[in-house]
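Data block below; observations after.
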2 protein chains.
Amino acid sequence: MSTGIHHVGIATKNLEKTSKIYETLGFDITWSGVLEDRDIKVIFLRNGDSMIELIQPVHYNEVNPVARFLTKRGEGLHHIAILVPNIWEFIQKMKSNYTFIDETPRRGALNYLTVFIHPRSANGVLIELIQP
Amino acid sequence: MSTGIHHVGIATKNLEKTSKIYETLGFDITWSGVLEDRDIKVIFLRNGDSMIELIQPVHYNEVNPVARFLTKRGEGLHHIAILVPNIWEFIQKMKSNYTFIDETPRRGALNYLTVFIHPRSANGVLIELIQP
């Protein structure tokens, strides 16, 4: 069904400063860029098989979900991303168990296909599903 | 300095119900028990190299940090745990960079030595350091 955690997502107001925290802990930056359609800046860091995704809003407004998260909860852990081999099949099988934020996968960082399970159907955790 | 993410910690008011969410996603329970000195019930789940730790307070009161977390923030992502080869050396090297909740490592689940970096020195993220 899935093959484990792909990365942990962390919301920040200062991508560079937060990146330093994980670089000090032995993580290396593997990718950075802007996801235009999500209006966020992203840094991916890796340490062995572990990945962390830092996300920062480009614009702070009511339609930017990361900006809304920061206003409501402050900086910190934002989501976990779980790797699935076939995201379409997963959605079909799981839509009776989980509420998806959007049932149509979108292209995310590193060109992966991604979809989100709503926190209200996953014990308050925002779960991203990722297909390479 | 570290060898990546050991597990992701999730706070819940219902260990069994939350466990089902991750079992449905392909995770298997590898350990469950009570950490008496922390007053929490724990379930560890594994999927490949990825681990999730579900934590629930035994008693809901002002001294139980997981109970306080649930009151303040609700259920959801609680901490990330990062594996370090030598926790004592790590604390010595890092105590000028990070504020530790307690500079003396304690025995945690699976008998690991653990120490926590305070979220205020890590961008709102509670980081647990773990030495097997």
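The values are calculated or read from the model by the stated rules, or taken from the named source; none is laboratory data. Bear in mind the structure is a predicted one, so any value in this text is a computation, not a measurement. Reconstructed Cβ throughout: ideal geometry from the backbone, glycine too, with neighbour counts over all protein chains shown. For accessibility, only protein heavy atoms count, side chains too; no ligands or nucleic acids. Shrake-Rupley method; radii C 1.70, N 1.55, O 1.52, S 1.80 Å.
Pairing chain B with chain A buries about 3000 Å² of accessible area. This figure sums both sides and uses a 1.4 Å probe. Under 5 Å from the amide H of B:F100 lie the amide H atoms of B:H118, each residue being 5 or more positions distant or on a separate chain, with H modelled from the backbone and absent for Pro and chain starts. Legend: mean number of C-beta atoms from other chains within 10 angstrom of residue C-beta atoms, peptide B:98-110, equals 0. Helix A:15-24 and the long axis of chain A differ in direction by around 90°, with both axes built from C-alpha atoms. Dipole check for the protein assembly as shown: with +1 at the C-beta of Lys and Arg, -1 at the C-beta of Asp and Glu, and the Cα centre as origin, the magnitude is about 500 Debye.
Calculated translational diffusion coefficient of the protein assembly as shown (4 °C, 1.567 mPa s; Stokes-Einstein with Kirkwood radius over alpha-carbon pairs) equals 69 µm²/s. Near A:W31, the amide H atoms lying under 5 Å from its own belong to A:F44; only residues 5 or more places off or on other chains count, and H is placed 1.01 Å from N. Peptide B:7-14 has a mean of 3 when you count, residue by residue, the C-beta atoms of other protein chains within 10 Å of its C-beta.
In the context of the full set of protein chains, the protein assembly as shown has a per residue accessible area of 47 Å² (1.4 Å probe). Take each peptide in B:62-70, A:8-16, B:97-105, count the other Cβ atoms within 10 Å of every residue, and average; sorted highest first, the result is A:8-16, B:62-70, B:97-105. Remark: the range A:80-93, residue by residue, has Karplus-estimated 3J(HN,Hα) of 10, 10, 10, 7, 10, x, 9, 5, 5, 4, 4, 4, 4, 5 Hz, where x stands for each Gly or Pro and the curve is 6.51 cos²θ - 1.76 cosθ + 1.60 at θ = phi - 60°. Across chain A, counting alpha-carbon atoms alone, Rg and Dmax equal 14.4, 42 Å. Across the identical copies, the 7 Å label point of A:T99, projected outward along Cα→Cβ, sits 3.6 nm from its counterparts, in ascending order. Pairs with C-alpha atoms separated by more than 31 Å, drawn from the list B:K20/B:K72; A:K20/A:K93; A:K17/B:K17; A:K20/B:K72, are A:K20/A:K93; A:K17/B:K17.
The H on the amide N of B:G9, modeled in the peptide plane, is under 5 Å from the matching H of B:E53, B:H78, B:H79, B:I80, B:A81, each at least 5 residues off or on a different chain. The rotation axis that maps chain A onto chain B passes nearest to the beta carbon of this chain A residue, listed with its distance in whole angstrom: A:L77, 2. Projecting the Cα positions of B:T114, B:T24, B:A67 onto the charge dipole of the protein assembly as shown (unit charges on Cβ atoms of Lys, Arg, Asp and Glu, taken about the Cα centre) puts B:A67 furthest along the positive direction.
Other protein chain C-beta atoms within 10 Å of residue C-beta, averaged over B:36-43: 0.
For the range A:4-131, what % of the accessible area comes from carbon and sulfur atoms, probe 1.4 Å? It is 49 percent, rounded to a whole number.
Using the Cβ-Cβ distance between A:T30 and B:N97 with R0 set to 22 Å, the FRET efficiency works out to roughly 0.50.
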